[in-house]
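Below is one structure, written out as structure tokens, with a few remarks after it.
The values are calculated or read from the model by the stated rules, or taken from the named source; none is laboratory data. All of these numbers come straight from a predicted model, not from anything done at the bench. Glycine also receives a Cβ, built like all others from the backbone with ideal geometry; neighbour counts cover every protein chain displayed.
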Amino acid sequence: MSANDWTRGIYAITDAVLLPDDAQLLGACEAALRGGLALLQYRDKSTDDVRRWRQARALAALCTEHGVPLIVNDDLALVRRLRVEGFNDVGLHLGQRDGSLREARERLGPDAIIGATCHARLDFAARAAADGASYLAFGRFFVSRTKPEAPPASLELLARAGRFGLPRVAIGGIDSDNASTAHAAGAELLAMVHAVFGGKDPEACVRELNLCLKRHAAKFIHRI
């Protein structure tokens, strides 16, 4: 497994519109990794299997260099192919309509990182936890440019989800202005698209976000 602690920090998710070609994708992801990501997710809903394999393999190699797990969105077959190639830190993220998490766990084994989208539903989270999820993703908590139609979630949901004993991911409009708010509400991982890849300097964005989390943690410890 990766040497870094993937269970807390910044979780960047790629976007095919923001990063439309290989050079932009790899350049932006390498910069974000230098900034200090906990996780990187490759998300491409296209049907171009050749491109998806080429990009996913290149990202897996890049993530291996930086000691950060790569998570592939909704493609169990692609994850299995990458792991056969020796990229053992590659994991999978599944939405509610993306296939069986239980089957994915059986096929990928006990050590693979498998995340689950739970929206604003604790019953979804309970089922995902029972089926072997590694982390639980909730949202959207703020206005999202990636998925503006996503139903809103209350931040108090994160505290209630603590009972599952799994890392909680906050997603949906997370940026430097509200990252500490989501973190304080209980999110160990903050998932972002535009906040990382929407600007000109992903490395600086990730560094700033990590500093924001460190400052918040220091204030919390000081209060204790």
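Among the residues making up the range 35-49, those that are farther than 8 Å from V206 by Cβ and of a type outside the set (S, T, Y) are A38, L39, L40, Q41, R43, D44, K45, D48, D49. Filtered by the rule that a residue be closer than 16 Å to T47 by Cα and outside any helix (DSSP H, G or I), the range 61-80 gives V72, N73, D74, D75. Say whether the condition of being touching a His at 6+ places or on another chain (Cβ under 9 Å) and in contact (Cβ under 8 Å) with a residue 24 or more places away in the chain is met by at least one residue in the range 90-106. Yes, because at least one residue in the range 90-106 is touching a His at 6+ places or on another chain (Cβ under 9 Å) and in contact (Cβ under 8 Å) with a residue 24 or more places away in the chain. Restricting attention to the range 162-183, the residues being under 17 Å from the mean Cα position of the chain (by Cα) and over 30 Å from A204 (Cβ atoms) number 1.
F142 satisfies every condition listed in (1) among the aromatic types (F, W, Y); (2) closer than 19 Å to T14 by Cβ; (3) out of contact with any helix residue (DSSP H, G or I) (no Cβ under 6 Å at 6 or more places or on another chain) except (2). Only one of the numbered conditions (1) surrounded by 15 or more Cβ atoms within 10 Å (Cβ to Cβ); (2) under 19 Å from L209 (Cβ atoms) is not met by A56, and that is (2). As a summary of the residue check, G27 satisfies the conditions (1) farther than 24 Å from S180 by Cβ; (2) among the small types (G, A, S); (3) surrounded by 15 or more Cβ atoms within 10 Å (Cβ to Cβ) except for the one numbered (3). The range 95-210 holds no strands (runs of 3 or more DSSP E) entirely within its bounds that carry 3 or more residues that are among the acidic types (D, E) and out of contact with any Asp or Glu (no Cβ under 9 Å at 6 or more places or on another chain).
Count of the range 59-101 residues, restricted to those that are of a type in the set (A, V, I, L, M), surrounded by 14 or more Cβ atoms within 10 Å (Cβ to Cβ) and over 19 Å from A38 (Cα atoms), is 4. Checked against the criterion of being without any contact (Cβ under 8 Å) to a residue 12 or more places away in the chain, among the aliphatic types (A, V, I, L, M) and either under 19 Å from D111 (Cα atoms) or part of a helix (DSSP H, G or I) (or both), the candidates A32, A23, A58 yield just one match: A23.
Please verify whether the range 33-52 includes one or more residues that are buried (at least 17 other Cβ atoms within 10 Å of the Cβ) and more than 27 Å from L213 (Cα to Cα). The answer is yes, given that some residue of the range 33-52 is buried (at least 17 other Cβ atoms within 10 Å of the Cβ) and more than 27 Å from L213 (Cα to Cα). Among the residues of the range 103-152, those identified as loosely packed, with under 15 Cβ neighbours inside 10 Å and either modelled with pLDDT of 95 or more or of a type in the set (K, R) (or both) are E103, E106, G109, P110, D111, D123, A130, R145, K147. Taken together, F124, F138 contain a single residue that is closer than 29 Å to H66 by Cα and within 19 Å of the chain's Cα centre (by Cα), which is F138.
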